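Student: One structure, as structure tokens, below. Some questions next.
The values are calculated or read from the model by the stated rules, or taken from the named source; none is laboratory data. What you see is a predicted model, and the numbers here were worked out from it, not measured in a lab. Here the Cβ positions follow ideal geometry from the backbone for every residue, glycine too, while neighbour counts run over all protein chains shown.
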Amino acid sequence: MLSEVLLFIAFMALFLTLNYLVFAFGGHWFFYHYLGPKIPHRRILENEASNAQILKEKRRSFHTQIMFMILALVIYGLYRAGYTKIYTTIDERGYLYFALSVLLMHQLHDAYFYWTHRLMHQWKPLQKYHFVHHESAPPTPYSSLSFHPVEAFIQGLYWIIISLMLPIHVYWLFAFYSFMFYINMWGHTSYEFWHKDLLTHKILKHLNTPTHHNIHHKYHKANFSIYYNLWDKLCGTNHPEYENHYRAVKAKTELAKTSKLMKMMKL
Ligand SMILES: [Zn+2]
Ligand SMILES: [Zn+2]
């Protein structure tokens, strides 16, 4: 039993570290050292993150990952005791359920993130914990996991709730974490790559953009959603400056573009 727990801890440590290396470290290197200097016209916020800010983000991210490790051990314990709905063989529920369950997990996380994030902004006792994340201004890929341990607990709690409530294949618990980190990393880059007319497109207008979350870090109020813009629209919590800011960034990009292909694609 002890050796199994130790093996699980080693596996989780490797999993969390690899994700951090790819999305936080890799994302920062790619956007700020490799690509960033070549594309200043895509920058959303003009000011640069200081070395002190990045150091703080790395330290807080480490604490967040310790919290995630503790919560993963709780899920492991609940699984071993037979309390979770986690399953391990796709055939148990079939491929259709396997595919649909992750879509449901994604939608539920979109709602969970919006409401817990909004609560952390609007309910005084939680504000001081969440504002630790807002010290990242402008945000960087290292901000993605830069939380106070209380917020790290709230963010990680979602995986426990899902494990207890929704029959979900064990693969999705890991794959969805990587997907969430990847989207989070995009939201915390200071660069915009979406289509120029995204905000007026019939379907794509419901997606969130890096500008959306950068504005959130700048003004602290409004723009609480993560993957989609639906909850912010539905609840009237989009920042009034969001669309203007997006258009201004895209107009700056259009002027600076030299590639005919990029101009044609309006990216
Ligand atoms: Zn916030
Ligand atoms: Zn953020």
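Student: Can Lys196 be described as within 12 Å of ligand 1 (Cβ to nearest atom), part of a loop (DSSP other than H, G, I, E, B) and more than 25 Å from Leu104 (Cα to Cα)?
Tutor: Details: within 12 Å of ligand 1 (Cβ to nearest atom): no; part of a loop (DSSP other than H, G, I, E, B): yes; more than 25 Å from Leu104 (Cα to Cα): yes.
Here the answer is no, as Lys196 does not meet what is asked.
Student: Check segment 154-165 and report whether any residue there is surrounded by fewer than 22 Cβ atoms within 10 Å (Cβ to Cβ), within 16 Å of ligand 1 (Cβ to nearest atom), within 30 Å of Gly82 (Cβ to Cβ) and among the aliphatic types (A, V, I, L, M).
Tutor: yes
Student: Follow-up. So which of Ala137, Ala81 is within 15 Å of ligand 2 (Cβ to nearest atom), out of contact with any strand residue (DSSP E or B) (no Cβ under 9 Å at 6 or more places or on another chain) and hydrophobic (A, V, I, L, M, F, W, C)?
Tutor: On the way: Ala81 fails: within 15 Å of ligand 2 (Cβ to nearest atom).
Of the residues listed, the single one that is within 15 Å of ligand 2 (Cβ to nearest atom), out of contact with any strand residue (DSSP E or B) (no Cβ under 9 Å at 6 or more places or on another chain) and hydrophobic (A, V, I, L, M, F, W, C) is Ala137.
Student: Now for a different question. Name the pairs: first residue in segment 122-133 and within 16 Å of Lys56 (Cα to Cα) and at pLDDT 95 or above, second residue more than 15 Å from ligand 2 (Cβ to nearest atom) and not in a loop (DSSP other than H, G, I, E, B), Cβ to Cβ under 7 Å, at least 6 apart or on different chains?
Tutor: Tyr129/Val150
Student: Moving on. Where the second residue is among the hydroxyl-bearing types (Ser, Thr, Tyr) and the first is modelled with pLDDT of 80 or more and lies in segment 249-262, which pairs have Cβ atoms under 8 Å and are six or more apart or on separate chains?
Tutor: Within 8 Å, the pairs are Val249/Thr211.
Student: Something else: Scan segment 141-150 and tell me whether some residue there is surrounded by 14 or more Cβ atoms within 10 Å (Cβ to Cβ), in contact with a Leu (Cβ under 9 Å, 6 or more places away or on another chain) and of a type in the set (Val, Ile, Thr).
Tutor: Within segment 141-150, one or more residues are surrounded by 14 or more Cβ atoms within 10 Å (Cβ to Cβ), in contact with a Leu (Cβ under 9 Å, 6 or more places away or on another chain) and of a type in the set (Val, Ile, Thr).
Student: Which one of these is within 26 Å of Ser143 (Cβ to Cβ) and buried (at least 17 other Cβ atoms within 10 Å of the Cβ): Arg43, Arg59? Explain how you work it out, then say what you get.
Tutor: Details: Arg59 fails: buried (at least 17 other Cβ atoms within 10 Å of the Cβ).
Going through Arg43, Arg59 in turn, the sole match is Arg43.
Student: Considering only segment 19-28, how many residues are more than 14 Å from Pro139 (Cβ to Cβ) and either of a type in the set (Ser, Thr, Tyr) or touching a helix residue (DSSP H, G or I) at 6+ places or on another chain (Cβ under 9 Å) (or both)?
Tutor: Initially, segment 19-28 is screened for residues more than 14 Å from Pro139 (Cβ to Cβ), giving 19-22, 25-26.
If we keep only those that are either of a type in the set (Ser, Thr, Tyr) or touching a helix residue (DSSP H, G or I) at 6+ places or on another chain (Cβ under 9 Å) (or both) too, we end up with 19-20, 22, 25-26.
So the count comes out to 5.
Student: May I pose another question? Could you grab the pairs with beta carbons closer than 9 Å, sequence gap of 6+ or different chains, first residue in segment 86-103 and loosely packed, with under 11 Cβ neighbours inside 10 Å, second one outside any helix (DSSP H, G or I) and of a type outside the set (Phe, Trp, Tyr)?
Tutor: These pairs meet every condition: Thr88/His169; Thr89/His169.
Student: Give the residue, chosen from Tyr228, Tyr191, Tyr171, Tyr219, that is under 16 Å from the mean Cα position of the chain (by Cα) and surrounded by fewer than 19 Cβ atoms within 10 Å (Cβ to Cβ). Break it down stepwise before answering.
Tutor: On the way: Tyr191 fails: surrounded by fewer than 19 Cβ atoms within 10 Å (Cβ to Cβ); Tyr171 fails: under 16 Å from the mean Cα position of the chain (by Cα); Tyr219 fails: under 16 Å from the mean Cα position of the chain (by Cα).
None of the others qualify; the one that does is Tyr228.
Student: For segment 247-261, does any single residue satisfy the condition of being under 26 Å from His130 (Cβ atoms), surrounded by 14 or more Cβ atoms within 10 Å (Cβ to Cβ) and touching an Asp or Glu at 6+ places or on another chain (Cβ under 8 Å)?
Tutor: In the first step, residues of segment 247-261 are kept if they are under 26 Å from His130 (Cβ atoms); the result is 249.
Filter once more, keeping what is surrounded by 14 or more Cβ atoms within 10 Å (Cβ to Cβ): 249.
Going one step further and asking which of them are touching an Asp or Glu at 6+ places or on another chain (Cβ under 8 Å), we end up with 249.
Yes.
Student: Would you point out the residue of segment 199-216, among those that are more than 15 Å from Trp231 (Cα to Cα) and within 16 Å of ligand 1 (Cβ to nearest atom), that is surrounded by the fewest Cβ atoms within 10 Å (Cβ to Cβ)?
Tutor: That would be Pro210.
Student: So, one more: Please work out which residue is nearest to Leu119 (Cα to Cα), limiting yourself to segment 199-230 and to residues that are away from ligand 2 (no atom under 16 Å from the Cβ) and assigned to a helix (DSSP H, G or I).
Tutor: Leu230
Student: Could you say which residue among Tyr32, Tyr79 is touching a residue at least 24 places away in the same chain (Cβ under 8 Å) and more than 23 Å from the chain's Cα centre (by Cα)?
Tutor: Details: Tyr32 fails: more than 23 Å from the chain's Cα centre (by Cα).
Step by step, each of Tyr32, Tyr79 is checked, and only Tyr79 is touching a residue at least 24 places away in the same chain (Cβ under 8 Å) and more than 23 Å from the chain's Cα centre (by Cα).
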